[in-house]
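First the structure, in the form of C-alpha cells, and then the observations on it.
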Amino acid sequence: MTVAVLAVQGAFAEHGAMLEELGAQVFELRKAEDLERHFDGLVLPGGESTVQGKLLRELGMFGLLQKKIEEGMPVLATCAGLILLAKELSNDTGRYFCTLPVTVKRNAYGRQLGSFFYEGEIKGIGQYPMEFIRAPYIESVDKEVYVLAEVEGKIVAVQYKNQLAMSFHPELTKDSRIHKKFLDMI
C-alpha cells in the first residue's frame, strides 16, 4: 500500500519514517504533479495550518485532495492537519477542506510554551503517549463523529468515516499504534 504525506510545510518526515517502518510505501506531496501518482491513503501533518492551506491552493493541490477525502480516501491528520479537515474553526475565519464535522479551536493550549506531554487512553488502542505542540482541541462534534480521546474534558482525537484526526503528534513518539490503525483503514 502507498501513502502520500503532505510535505509543503510542517512535521512530515517523521510520519513517513513511521509508516515505512510499518511496511507502507511512502512518498511526499510537494507539487501538483505528485498527485498524478497512485496512493491509497493521505497524511496531513502538523505544522502551520494557515501556511499549509495557502500553499495547497497556490500549488494547485487543494481541490483534488479535497475530492479524494470526500470520496473516502483514508486520511490521518495531526494538529494542523486536524485544522485543515475541520468544518468549523471557533477562533479563526479560515476554512479549508471542511470534510470533518467538528468545531476546532486553534492554538487552544497556547503558544509554544503551552506545549505538553500527556499519557492517556485512546479508545481501541489503550494508554498512549500524546505530545501536544501549540495544539488545537475539538470543541464540539456532530453525532456521527466517534470521539477517541479526551484530555481533561477536551476532545483531542476523533474518527469520522475515513478520517482519523487528532490534536497531538503521534509521529513524535516511538508508539506506532495510531499509524497502524490508519494503515488498517486503507
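Structural remarks
- 19 Å Cα-Cα reach of residue 68 towards lysines, excluding residues that sit fewer than 8 places from it in its own chain: 31, 54, 87, 161
- Entry note, the chain: relative contact order of 19 percent, from Cα contacts under 8 Å with a spacing of 6+ residues.
- Residue 98 long-range amide H proximity, modeled H, under 5 Å: 86
- Near residue 26, the amide H atoms lying under 5 Å from its own belong to 3; only residues 5 or more places off or on other chains count, and H is placed 1.01 Å from N.
- The alpha-carbon of residue 105 sits under 19 angstrom from the alpha-carbons of these aspartates and glutamates, leaving out residues fewer than 8 places away in its chain: 48, 88, 92, 131, 139, 142, 150, 152.
- Within region 149-180: backbone nitrogen closer than 15 Å to the residue 127 label point (7 Å, Cα to C-beta): 175
- Theoretical FRET efficiency, 1/(1+(r/R0)^6), r = Cβ-Cβ of residue 95 and residue 152, R0 35 Å, to 0.05: 0.80
Here, each number is a calculation from the coordinates, and none is a lab measurement. It should be emphasised that the depicted structure is a prediction, and the values quoted were computed from it without experimental measurement. Cβ sites come from the backbone with ideal geometry, for glycine too, and all protein chains shown count toward neighbours.
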